[in-house]
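Accompanying notes for the structure given below.
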Amino acid sequence: MKIKKAVIAAAGLGTRFLPITKAVPKPMLPVFDKPTIQYIMEEIKSAGIEKTAIIVSGDCPVIKNHFSEAKVLEENLKQTGKKDLYDIAMATRDFGEIEFIIQPTPNGLAGALLCAEDFIAGEPFALLLGDEIYANKDGDKSCLKKLIDEYEKTGVSQIAAMEVFGDDISKYGNFAVNEKSGYNAVYDIIEKPSLSDALSNLAAMGRYALSSEIFTFIKELFKTQTKGEVYLTDALKDMANSIGLYACPFNDARYDIGDKVGYIKANIEYSLKNEKVSSEIKEYLKELLETL
Ligand code: G1P
């Protein structure tokens, strides 16, 4: 079955980024000149998906406005003949259908995803965590497209996998795999282990291609876990042990926008990618380096 829908999990309260996230939703934090959520919508669009649900923690008018018509601005740019800027403004409205779904209680990533069950309606789908952005090299298949293609080829759910070193493993879902006809079949997975409990150095990254059976595993967990955060990782473990789950490596650069250092790195790198400002930024960075 083809993957035609995507879900962005963006309902975090942004506590790691206070005070800015008190009034500005985390998905709206800019990386160079675009909000994080726009990079994620671009990733979804370039993977050929036209229906997206964004899971948010409350009514988020700022995110909705970003992807909607801005009459006064658009008219102004049109009348003053600022075609480049008009195109930039209009591109924010070209991401197919977007549905906003509120996660009423902060009950973890599994709880957030469960809110999208009706939207998914039994189809396979892509899941993207809203605080990571991915950049593929020109000509390379993006991480998301790779996961989707592998899902469509095998019918087995896919999770993006990256090797990490040392204590970093305790920031991620961590899994153990068996090689099975050229694929990395996951047979165990734990959420954020200490280095001594780690199963391997393979970490789960925030991109997934999942069959809708994941909702059955999530609902099973909620039968016994009625309080606190329910991990998607636990549902993935049950999925791995019954219908299977593959870990899929990727080549994209990944930026962790939920982390202050990751956020700054992304801003520096994306500004260096921009033709208009890159040489000025390079000069500035060189000068700054001399003083450090
Ligand atoms: C989530 C997942 C974790 C995954 C990570 C990737 O954790 O629960 O399994 O490895 O994203 O960034 P979070 O960083 O949202 O706590």
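The values are calculated or read from the model by the stated rules, or taken from the named source; none is laboratory data. Here the structure is a predicted model, which is why all the values come from computation and not from measurement. FYI the Cβ positions are ideal-geometry reconstructions off the backbone, even for glycines, and counts take in every protein chain you see.
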(request) Name every residue in segment 166-195 that is more than 14 Å from the ligand (Cβ to nearest atom) and among the β-branched types (Val, Ile, Thr), in order of residue number. (result) Val177
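Yes/no matrix, rows are residues, columns are (1) in contact with a Phe, Trp or Tyr (Cβ under 9 Å, 6 or more places away or on another chain); (2) of a type in the set (D, E, K, R); (3) at positive phi:
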site: Ser170; (1), (2), (3): no, no, no
site: Asn174; (1), (2), (3): no, no, no
site: Glu179; (1), (2), (3): no, yes, no
site: Val186; (1), (2), (3): yes, no, no
site: Ile189; (1), (2), (3): yes, no, no
site: Ser211; (1), (2), (3): yes, no, no
(message) Suppose we keep only residues that are at pLDDT 95 or above and touching a Leu at 6+ places or on another chain (Cβ under 8 Å) within segment 11-45. Which one would you say is nearest to Leu129 (Cα to Cα)?
(response) Ile40
(request) Output the residue which, of all residues in segment 106-165 that are of a type in the set (Asp, Glu) and either within 16 Å of the ligand (Cβ to nearest atom) or part of a loop (DSSP other than H, G, I, E, B) (or both), is surrounded by the fewest Cβ atoms within 10 Å (Cβ to Cβ). (result) Asp138
(message) Against the condition loosely packed, with under 13 Cβ neighbours inside 10 Å and among the small types (Gly, Ala, Ser), how does Gly81 come out, does it pass?
(response) yes
(message) Within segment 23-30, does at least one residue satisfy the condition of being among the small types (Gly, Ala, Ser), within 26 Å of Gly228 (Cα to Cα) and buried (at least 17 other Cβ atoms within 10 Å of the Cβ)?
(response) no
(message) Step by step: first the residues of segment 46-74, then only those that are more than 19 Å from Gln103 (Cβ to Cβ) and within 15 Å of the chain's Cα centre (by Cα), then the one that is surrounded by the fewest Cβ atoms within 10 Å (Cβ to Cβ). Which residue is that?
(response) Ser46
(request) Tell me the helices (runs of 4 or more DSSP H) entirely within segment 1-91 that contain at least 1 residues that are touching a residue at least 60 places away in the same chain (Cβ under 8 Å), in contact with a strand residue (DSSP E or B) (Cβ under 8 Å, 6 or more places away or on another chain) and within 23 Å of Pro124 (Cα to Cα). (result) 36-46
